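First up is the structure itself, then whatever we jot down about it.
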Amino acid sequence: MITAVLNTKVFTLKTILIGVKMKKTNILKYSLHTTAILAAIYGGSALAANASGYASTNGNTTGGAGGDVVYATTGTQIHQALCNRASSDTPIIIQVEGTINHGNTSKVSGDSCNTGPDLIELKEISNVSIIGVGSGALFDQLGIHIRSSSNIIIQNVHVRNVKKSGSPISNGGDAIGMESNVRNVWVDHVTLEASGGESSGYDALFDMKNNTKYVTLSYSILRNSGRGGLVGSSDSDDANGPVTFHHNYYQNINSRTPLLRHATAHAYNNYYSGIQSSGMNPRIGGKIRAENNYFQDSKDPLGTFYTNDMGYWQVSGNIWDNIDWSEDESKLHPAGPNPSSTTSISIPYNYQLDNTQCVPAIIAATAGANKGLKESNGECGTTEPTDPTEPTDPTNPPEPTPSGENLALAAGVDGSSKASGTSYGNVKDGDTSTYWSPNSSTGTINIKNLNTTINAVKIIEASGAQGNITSWSLVNYDTGTTLANGGAVPNVITFSSVNLSKVSFVINSSNSTPRVAEFEVYNGYNDSGSSVTNTLVNGVYRVTPKHSAKSLDVANCANSNGANISQWSWLNNDCQKFNISTVDGIWHRISPVNAPSKGLDVAANSTVNGANIALYTYTGSYNQQFRFQAAGTGKWRIINRNSELCFDIEGNKANDGANLLQWTCSAGSENQMFELTRQ
């Protein structure tokens, strides 16, 4: 047994582990000296590294260093941790794991806090770190608000789909927002994303206003939003900044990367892809130093836009790849097509620039949550993960029972009501393109005649309806006992094993018509942390279609964008070996050994049957991420994150050259099952 002496008291590892088993009902508080043990347990960093950029100035940003460590799995517990401190500036590190949403977040009162409902409120406080650990921290439709606060660190968290209109709403539609006398904030290794722009109810991903200063955003992903963020909310809001942006990935953003009024910013080694209208927008005296950034497939990524009150820029070492520059005219002043400096900005801190050519690959490996806090090593490579964990070998996985199969497929189904054109049976047909809807915004769907033990359920909302359900319950129909409940539907709903005949998924509220494509039922969850239907894969593998016994193969051993993927007889070369690695929870990157900077990619972000799978420069977008779902002993379905469709050998063909594409997952189809053999 390992024993550690902590603050003159003796704690054993067994004691800590017992505490972990209680984590769903308790907030666990430890001395800072326990953080090494916590990191080993939770698989994440208990302490942030040193702040960088402008957050390292003005006395530095240290967050909760030196304070207690608290573990939280709900938004209410985060607020409780803030309110239970001796004072509003007592240092604290809050380690967060699981999904934080409207259903588990409420206002908490106390002398050391000023919290609110429907958001994570860091108001009138200081010396706080919020760090995602373990399997990750997802803030689902719930924003983080920093107001009148200082010395704050937010690290390794994922914030998505925060709305200012529609339902549910949070934080004025900002994923992370700062306002009113904020000082020294470091946001690092986070993923911030929306599902559209203002017309869809979203505002920005990262906003600073009303006297917010000394901020750094580093190693983060900002994607799929109308607005990246601003520094200064109006032309009169002139007391913000300075701010640093480095090693971030801006993907599919319409504008504001950032919008910069009056303030000074430093942006280096960022990757901008798919900027649709305008990017960096210094105006009314704002100025930005842009160094060694990689701009690709974008429109007007730098300039002063939508005003004639000019801003200024200092540029060096940037790459402008396939950029669409507008003509200069009134209220439209792009820096290109040949950007040159219009000012000079002195930087007061030390920093190291990466070779711009290496930036996309570095960003793909390091930016965002759940990347092990990896950083650039300054030599076109990356550091090792902060706390690497032993990967699960998919050839010997923890086997779900029975055989990891969906028990609903052989069961019956009924429900409370069904909308015209939908069917109860659609939720158990293995086809995610069909669905059931109730005849109103609420309703119940039941899987019956199970007569077995279950401990996990997966609800798949139909394409285009993800997030419609805002409150749900899972009920043992036989006894009326609630097995689980929540707000947004999680990836997997788990609960204590129970033997029953009928289980009900009850929709309590929704912000639009619910559409349930699949109601999957399993008895395969185990407490080791592996997913009921998915496993983690890390290593180099041969990937063999079950029906043909051939191998996935890069056509002609090409390594260029667009190289096709098909099946071929095993040749034991690098074009048939694939490096598979986790990038975000259960989601993986798949790169052929012969083209390590590329990744398997669903063409054109398609979500329809028949879309081709080919190679493309890896950027971390959802059409390049995949999960491995158990399909029986030693067999796996490979499912795309963007489309939820399966790898499929076209037409069930067994010949060399048969194409790999995506198709609706179908139970029992061996041309959608693959064996993985470690190389």
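The values are calculated or read from the model by the stated rules, or taken from the named source; none is laboratory data. These numbers come from a predicted model, not from an experiment. Here the Cβ is made from the backbone with ideal geometry for all residues, glycine too, and neighbour counts use every protein chain on show.
Among the residues of the range 352-374, count how many are touching a helix residue (DSSP H, G or I) at 6+ places or on another chain (Cβ under 7 Å) and either assigned by TED's automatic domain parsing to the domain that holds Thr57 or crowded, with 22+ Cβ neighbours inside 10 Å (or both). Show your work before the answer.
Residues of the range 352-374 touching a helix residue (DSSP H, G or I) at 6+ places or on another chain (Cβ under 7 Å): 354, 374.
Within this subset, residues satisfying the condition of being either assigned by TED's automatic domain parsing to the domain that holds Thr57 or crowded, with 22+ Cβ neighbours inside 10 Å (or both) are 354.
Qualifying residue count for the region: 1.
Just to be sure, is Thr307 crowded, with 24+ Cβ neighbours inside 10 Å and at pLDDT 95 or above?
Working: crowded, with 24+ Cβ neighbours inside 10 Å: no; at pLDDT 95 or above: yes.
Taking the combined requirement at face value, the residue does not satisfy it.
Can you name every residue in the range 419-445 that is surrounded by fewer than 21 Cβ atoms within 10 Å (Cβ to Cβ) and under 15 Å from Ser504 (Cβ atoms)?
Correct list: Tyr424, Thr442, Thr444.
Name the one entry in Ser423, Ser433, Ser463, Ser441 that is free of Cβ contacts under 8 Å to residues at least 40 places away in the same chain and not assigned by TED's automatic domain parsing to the domain that holds Val608.
Values: Ser433 fails: free of Cβ contacts under 8 Å to residues at least 40 places away in the same chain; Ser463 fails: free of Cβ contacts under 8 Å to residues at least 40 places away in the same chain; Ser441 fails: free of Cβ contacts under 8 Å to residues at least 40 places away in the same chain.
When all the criteria are applied, what remains is Ser423.
Name the residues in the range 230-240 that are crowded, with 24+ Cβ neighbours inside 10 Å and either out of contact with any strand residue (DSSP E or B) (no Cβ under 6 Å at 6 or more places or on another chain) or touching a residue at least 40 places away in the same chain (Cβ under 8 Å) (or both), would you? Lay out the reasoning, then the answer.
Our first condition is that a residue be crowded, with 24+ Cβ neighbours inside 10 Å; within the range 230-240, this holds for 230-232, 240.
Val231, Gly232, listed by residue number.
If only one of Ser170, Ser126 is among the hydroxyl-bearing types (Ser, Thr, Tyr), closer than 28 Å to Glu198 by Cβ and in the same structural domain as Thr216 (by TED's automatic domain parsing), which one is it? Step through it out loud before you land on a result.
Numbers: Ser126 fails: closer than 28 Å to Glu198 by Cβ.
That would be Ser170, the only listed residue that is among the hydroxyl-bearing types (Ser, Thr, Tyr), closer than 28 Å to Glu198 by Cβ and in the same structural domain as Thr216 (by TED's automatic domain parsing).
Does Ser195 qualify as being modelled with pLDDT under 95 and not in a loop (DSSP other than H, G, I, E, B)? Explain how you work it out, then say what you get.
On the way: modelled with pLDDT under 95: yes; not in a loop (DSSP other than H, G, I, E, B): yes.
Against the criterion (modelled with pLDDT under 95 and not in a loop (DSSP other than H, G, I, E, B)), Ser195 qualifies.
Limited to the range 249-265, what total is found for residues that are closer than 19 Å to Lys287 by Cα and not hydrophobic (A, V, I, L, M, F, W, C)? Lay out the reasoning, then the answer.
Step one: filter the range 249-265 for residues closer than 19 Å to Lys287 by Cα, giving 255-265.
In the following step, the residues that additionally are not hydrophobic (A, V, I, L, M, F, W, C) were identified as 255-258, 261-262, 264.
Of the residues in that region, 7 qualify.
Of the conditions (1) of a type in the set (Gly, Ala, Ser); (2) outside any loop (DSSP other than H, G, I, E, B); (3) farther than 23 Å from Lys546 by Cβ, Gly620 clears all except one; give me its number.
Here Gly620 meets the rest and fails (2).
Pairs only if they're at least six apart or on different chains, beta carbon under 9 angstrom, first in the range 472-489 and in contact (Cβ under 8 Å) with a residue 60 or more places away in the chain and not assigned by TED's automatic domain parsing to the domain that holds Thr99, second among the aromatic types (Phe, Trp, Tyr) and part of a strand (DSSP E or B); list them, first residue then second.
Every condition considered, the pairs that remain are Asn485/Trp472; Gly486/Trp472; Gly487/Trp472; Ala488/Trp472.
Going through the range 142-183 one residue at a time, which ones are of a type in the set (Val, Ile, Thr) and under 22 Å from Gly64 (Cα atoms)?
Initially, the range 142-183 is screened for residues of a type in the set (Val, Ile, Thr), giving 144, 146, 152-154, 157, 159, 162, 169, 176, 182.
Answer for the range 142-183, where residues must be of a type in the set (Val, Ile, Thr) and under 22 Å from Gly64 (Cα atoms): Ile144, Ile146, Ile152, Ile153, Ile154, Val157, Val159, Ile176, Val182.
Could you say which residue among Ser88, Ser109, Ser129 is crowded, with 19+ Cβ neighbours inside 10 Å and farther than 26 Å from Gly368 by Cβ?
Ser88
For the range 599-616, does any single residue satisfy the condition of being among the aliphatic types (A, V, I, L, M), over 17 Å from Gln662 (Cβ atoms) and in contact with a helix residue (DSSP H, G or I) (Cβ under 8 Å, 6 or more places away or on another chain)?
Step one: list which residues in the range 599-616 are among the aliphatic types (A, V, I, L, M), which gives 600, 602-604, 608, 611, 613-615.
Still in the running and over 17 Å from Gln662 (Cβ atoms): none.
The answer is no; no qualifying residue exists.
Under 9 Å between Cβ atoms, which residue pairs at least 6 apart in sequence (or on different chains) link something in the range 118-134 that is within 17 Å of Glu97 (Cα to Cα) with a partner that is surrounded by fewer than 24 Cβ atoms within 10 Å (Cβ to Cβ) and among the aromatic types (Phe, Trp, Tyr)?
Taking only residues 6 or more apart or on different chains, the pairs are Val133/Tyr42; Gly134/Tyr42.
Could you please find all residues in the range 138-155 being closer than 15 Å to Thr216 by Cβ and under 14 Å from the mean Cα position of the chain (by Cα)?
Taking the range 138-155 first, the residues closer than 15 Å to Thr216 by Cβ are 146, 150-155.
Residue satisfying the conditions is Gln155 alone.
Within 21 Å of Lys653 (Cα to Cα), in contact with a Ser or Thr (Cβ under 9 Å, 6 or more places away or on another chain) and surrounded by fewer than 18 Cβ atoms within 10 Å (Cβ to Cβ) - does that describe any residue in the range 590-603?
No; the residues of the range 590-603 include none that is within 21 Å of Lys653 (Cα to Cα), in contact with a Ser or Thr (Cβ under 9 Å, 6 or more places away or on another chain) and surrounded by fewer than 18 Cβ atoms within 10 Å (Cβ to Cβ).
If Cys557 satisfies every condition in (1) surrounded by fewer than 18 Cβ atoms within 10 Å (Cβ to Cβ); (2) without any contact (Cβ under 8 Å) to a residue 24 or more places away in the chain but one, which is the exception?
The number of the failed condition is (2).
Of everything in the range 512-534, what is surrounded by fewer than 18 Cβ atoms within 10 Å (Cβ to Cβ) and modelled with pLDDT of 80 or more? Give them in sequence order.
Taking the range 512-534 first, the residues surrounded by fewer than 18 Cβ atoms within 10 Å (Cβ to Cβ) are 512-513, 526-529.
Correct list: Ser512, Thr513.
Taking Val159, is it surrounded by 24 or more Cβ atoms within 10 Å (Cβ to Cβ), over 20 Å from Ser621 (Cβ atoms) and of a type in the set (Val, Ile, Thr)?
On the way: surrounded by 24 or more Cβ atoms within 10 Å (Cβ to Cβ): yes; over 20 Å from Ser621 (Cβ atoms): no; of a type in the set (Val, Ile, Thr): yes.
It is false that Val159 is surrounded by 24 or more Cβ atoms within 10 Å (Cβ to Cβ), over 20 Å from Ser621 (Cβ atoms) and of a type in the set (Val, Ile, Thr).
Looking at (1) out of contact with any helix residue (DSSP H, G or I) (no Cβ under 9 Å at 6 or more places or on another chain); (2) at pLDDT below 90; (3) among the aliphatic types (A, V, I, L, M); (4) over 22 Å from Gly372 (Cα atoms), find the lone condition where Ala48 falls short.
(4)
Is it the case that Thr90 is of a type in the set (Ser, Thr, Tyr), modelled with pLDDT under 95 and within 16 Å of Gly487 (Cα to Cα)? Steps first, answer last, please.
Numbers: of a type in the set (Ser, Thr, Tyr): yes; modelled with pLDDT under 95: yes; within 16 Å of Gly487 (Cα to Cα): no.
So Thr90 does not fit the description; no.
Restricting attention to the range 633-679, report how many residues are buried (at least 23 other Cβ atoms within 10 Å of the Cβ), of a type in the set (S, T, N, Q) and free of Cβ contacts under 8 Å to residues at least 60 places away in the same chain.
The number of residues fulfilling the criteria is 2.
Can you tell me how many residues within the range 447-501 are among the polar types (S, T, N, Q) and assigned to a loop (DSSP other than H, G, I, E, B)?
Let us first name the residues in the range 447-501 that are among the polar types (S, T, N, Q), namely 449, 451-453, 455, 463, 466, 468, 470-471, 473, 476, 479, 481-482, 485, 491, 494, 496-497, 499, 501.
So of that shortlist, the ones also assigned to a loop (DSSP other than H, G, I, E, B) come out as 449, 451, 463, 466, 468, 479, 491, 501.
Residues flagged as among the polar types (S, T, N, Q) and assigned to a loop (DSSP other than H, G, I, E, B) within the range 447-501 amount to 8.
Only one residue in Ala549, Ala465, Ala456, Ala563 is buried (at least 16 other Cβ atoms within 10 Å of the Cβ), modelled with pLDDT of 85 or more, under 26 Å from Ile590 (Cβ atoms) and aliphatic (A, V, I, L, M). Which one? Even if it seems obvious, please write down each step before you answer.
Working: Ala549 fails: buried (at least 16 other Cβ atoms within 10 Å of the Cβ); Ala465 fails: under 26 Å from Ile590 (Cβ atoms); Ala456 fails: modelled with pLDDT of 85 or more.
Of Ala549, Ala465, Ala456, Ala563, the one residue that is buried (at least 16 other Cβ atoms within 10 Å of the Cβ), modelled with pLDDT of 85 or more, under 26 Å from Ile590 (Cβ atoms) and aliphatic (A, V, I, L, M) is Ala563.
Here is a check on your reading of the model: is Ser167 touching a residue at least 12 places away in the same chain (Cβ under 8 Å) and over 28 Å from Ser298 (Cα atoms)?
Answer is yes for this residue.
Quick check on my filter: what residues within the range 284-296 are surrounded by fewer than 24 Cβ atoms within 10 Å (Cβ to Cβ) and farther than 16 Å from Ile363 by Cβ?
Answer for the range 284-296, where residues must be surrounded by fewer than 24 Cβ atoms within 10 Å (Cβ to Cβ) and farther than 16 Å from Ile363 by Cβ: Ile284, Gly285, Lys287, Arg289.
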